[in-house]
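The values are calculated or read from the model by the stated rules, or taken from the named source; none is laboratory data. Quantities reported herein were computed from a predicted structural model and do not represent experimental measurements. We place every Cβ from the backbone using ideal geometry, glycine too, and count neighbours over all the protein chains shown. With ligands, DNA and RNA removed, areas are computed over all heavy atoms of the protein, side chains included. Shrake-Rupley method; radii C 1.70, N 1.55, O 1.52, S 1.80 Å.
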Amino acid sequence: MSTNQPAQVAAADGDGGAALDARRLRAVLIAVSIALMAVIASVSGLNVAQTHLAVEFGASQNTILWIINIYTLALAALLLPLGAIGDRLGRKPMLVAGLSVFGIAGVAAGLAPTAEVMLAARAASGIGAAMVMPITLAVITSTFPEEERGTAIGVWTGVAGGGGVLGMFLSALLVDVADWRWLFALPVVLVVVALAMTLKSVPNSRERSAHSFDSVGALVSMVAVAGLIFALQEGPERGWTAPATLVGLAAGLVAAVGFVAWELRRRDASLLDVRLFRERGLAGGSITLLVVFGVQAGIAVVLFPFLQAVLGWSGLLSTLALMPMAVTMMASSGLAPKLAVRIGSRPTMAAGVALGGAGLALMAVFVSADGGYLTILPGMLAMGIGMGLSMTPSTEAITGSLPREKQGVASALNDVTREFGTALGVALLGALLSAGYRGAIDDRLDGIPPEAARTAREGIANAVEVAGGAGSYARDLLHAAQQSFVDGWQQAMWAGVAVMGALFVYVTLRGPKNPASTTAGNTGTTGPVTEPQSAAR
């Protein structure tokens, strides 16, 4: 099935049908990158302030987790519908509206007097983020000429991949030097800058479709995504057999099956043409992003307790320690399009996956509580390079598989895949780490008082806390917990290596054949496709 359909889209409202010059394109890229950074930073930034939130609002741990998770849940559930609406109503108006909602919600969260107000503000932030995130990539794919599109997507991918770590570091810095409420100042400032640049520089583009909007598909997709993400978030906390987890999982799976059946029935009038998953580009790009972001998120779950509980580092220093991986990821994301043009998308993706797997193996082999940070740094660097090399061509493969008038949907699919991968990675690698820790520590607690031993089995953070009151047993208890955590770490890392190995085989056999930049959104033109100014209004 060919996806190179005649364009139905306006790509540059008010530009007289001419391609944008290099300076304007650079301004567009900066604007959408800043908007994306605001959204990404808000995903992970609040994690560093959990204790402060609990004290401020007198809230339970479950409420604090909901304050954090409701943002991701709203974001993921609304990505596909709002991406499709942006295609139809106009990408610039949707981006402006989304930034406005996100900014206002950020101010409300920073001033929230109660946990209930904070929950509402975070939910509103997730809605605004879902309006912004898919549009940032859609603006790039519908505005940049073919020969420059790959480089622009590489920049976008680098921000998407490394922005979370950068946002977490800046958030930890603000918590340390100021107050947790200042966490929301950074996204709000980014939103103001992005909004000003968007109004000035970003052109409008929209779909002109002969079909009605797929309202049923949009609603069913929301239920499917929300149910599955909810189950993945709640499973590690409530238990995988808890009623709430099972209900969310069942609702998500039933809705997902219903969504596929409905979209096959709608065919060309569908929200997302699921028949396109038969093509290598869309399937390979989606699977690669799912696994890569899953492994990346799972690694963060493992790294933070290692740095804080095993090495005894502060939250700020721990986030700073992740920066080498984030920086190499962002740099290699920018280099990936050039490499894909030279050797092909499939070899580039395969090389990235192989390097990512090698990084996991290096950490599994060399990690040591006594050796400290230097035992994991080489693996982190290899992972950063590998992730960057694999993410950019995967993103291009996804956006290149859908026609230009569906780029909001394509971008939303890319983002939903990232969110699913992140949730899966945190749940699965986190569970493996916990199981490995519990299995290893049981044999190391001989002679430790039963009450302290029981607490230590719950996790390394619990062990560190109880060790403070364990008297003469403190040193042995802490040593047992640290060594057991390293054992659990190695188990999780080797599982990641196996997953990356399977992905390497898949990409080698079924990855995109050609550089994605030669097909992405190709409509037979070398510049933006335009419509008369009056039609875009």
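If I ask for residues that are open to solvent by 60 Å² or more (accessible area, probe 1.4 Å), in contact with a helix residue (DSSP H, G or I) (Cβ under 7 Å, 6 or more places away or on another chain), modelled with pLDDT under 90 and not in a loop (DSSP other than H, G, I, E, B), which ones from the range 479-519 would you list?
Correct list: Q491, R510.
Return yes or no: is G469 at pLDDT below 85 and outside any helix (DSSP H, G or I)?
So G469 passes the test.
Residues to consider are V292, V302; find the one that is among the β-branched types (V, I, T), open to solvent by less than 10 Å² (accessible area, probe 1.4 Å), in contact (Cβ under 8 Å) with a residue 24 or more places away in the chain and under 20 Å from G511 (Cα atoms).
Only one candidate passes the filter, namely V292.
Yes or no, residue by residue, for (1) touching a Phe, Trp or Tyr at 6+ places or on another chain (Cβ under 7 Å); (2) of a type in the set (D, E, K, R):
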site: T422; (1), (2): yes, no
site: A427; (1), (2): no, no
site: L432; (1), (2): no, no
site: R438; (1), (2): no, yes
site: E465; (1), (2): no, yes
site: R475; (1), (2): no, yes
site: H479; (1), (2): no, no
site: Q483; (1), (2): no, no
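What's the number of the only condition in (1) surrounded by fewer than 20 Cβ atoms within 10 Å (Cβ to Cβ); (2) at pLDDT 90 or above; (3) over 20 Å from the mean Cα position of the chain (by Cα) that M94 fails to meet?
In the conditions (1) surrounded by fewer than 20 Cβ atoms within 10 Å (Cβ to Cβ); (2) at pLDDT 90 or above; (3) over 20 Å from the mean Cα position of the chain (by Cα), M94 misses (1) alone.
Within the range 111-122, does at least one residue satisfy the condition of being buried (at least 23 other Cβ atoms within 10 Å of the Cβ), modelled with pLDDT under 90 and not small (G, A, S)?
No, the range 111-122 contains no residue that is buried (at least 23 other Cβ atoms within 10 Å of the Cβ), modelled with pLDDT under 90 and not small (G, A, S).
Kindly indicate which of A196, A160, A129 is assigned to a helix (DSSP H, G or I) and over 19 Å from Y71 (Cβ atoms).
A196
Is it the case that some residue within the range 93-115 is touching a strand residue (DSSP E or B) at 6+ places or on another chain (Cβ under 9 Å), part of a helix (DSSP H, G or I) and of a type outside the set (A, V, I, L, M, F, W, C)?
Yes, some residue in the range 93-115 is touching a strand residue (DSSP E or B) at 6+ places or on another chain (Cβ under 9 Å), part of a helix (DSSP H, G or I) and of a type outside the set (A, V, I, L, M, F, W, C).
Filter the range 304-339 down to the residues that are assigned to a helix (DSSP H, G or I), hydroxyl-bearing (S, T, Y) and at pLDDT below 90 and list them by number.
S318, T319, listed by residue number.
This table checks each residue for (1) polar (S, T, N, Q); (2) open to solvent by 50 Å² or more (accessible area, probe 1.4 Å); (3) modelled with pLDDT of 90 or more.
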residue: V247; (1), (2), (3): no, yes, yes
residue: V254; (1), (2), (3): no, yes, yes
residue: W262; (1), (2), (3): no, yes, yes
residue: R266; (1), (2), (3): no, yes, no
residue: F277; (1), (2), (3): no, yes, no
residue: G284; (1), (2), (3): no, no, no
residue: I287; (1), (2), (3): no, yes, yes
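Collect the residues in the range 151-205 that are under 30 Å from K406 (Cα atoms) and open to solvent by 20 Å² or more (accessible area, probe 1.4 Å), keeping them in residue-number order.
Across the range 151-205, the qualifying residues are T151, V155, V188, L190, V192, V193, L195, A196, M197, L199, K200.
If L170 satisfies all but one of (1) modelled with pLDDT of 85 or more; (2) under 25 Å from the mean Cα position of the chain (by Cα), what's the number of the condition it fails?
(1)
Identify, by number, the condition in (1) farther than 19 Å from I153 by Cβ; (2) modelled with pLDDT of 90 or more; (3) surrounded by fewer than 24 Cβ atoms within 10 Å (Cβ to Cβ) that A351 doesn't meet.
(1)
Six or more apart or on different chains, Cβ atoms under 8 Å: show the pairs whose first residue is in the range 167-194 and under 22 Å from A124 (Cβ atoms) and whose second is assigned to a helix (DSSP H, G or I) and among the charged types (D, E, K, R).
From the range 167-194, the pairs are W180/E56.
Looking only at the range 206-245, how many residues end up being over 25 Å from the mean Cα position of the chain (by Cα) and buried (at least 23 other Cβ atoms within 10 Å of the Cβ)?
Residues meeting the conditions: 2.
What is the one condition in (1) modelled with pLDDT under 90; (2) part of a helix (DSSP H, G or I); (3) not polar (S, T, N, Q) that R26 does not satisfy?
Unmet for R26, out of (1) modelled with pLDDT under 90; (2) part of a helix (DSSP H, G or I); (3) not polar (S, T, N, Q): (1).
Can you tell me how many residues in the range 231-243 are under 19 Å from G430 (Cβ atoms), without any contact (Cβ under 8 Å) to a residue 12 or more places away in the chain and part of a helix (DSSP H, G or I)?
1
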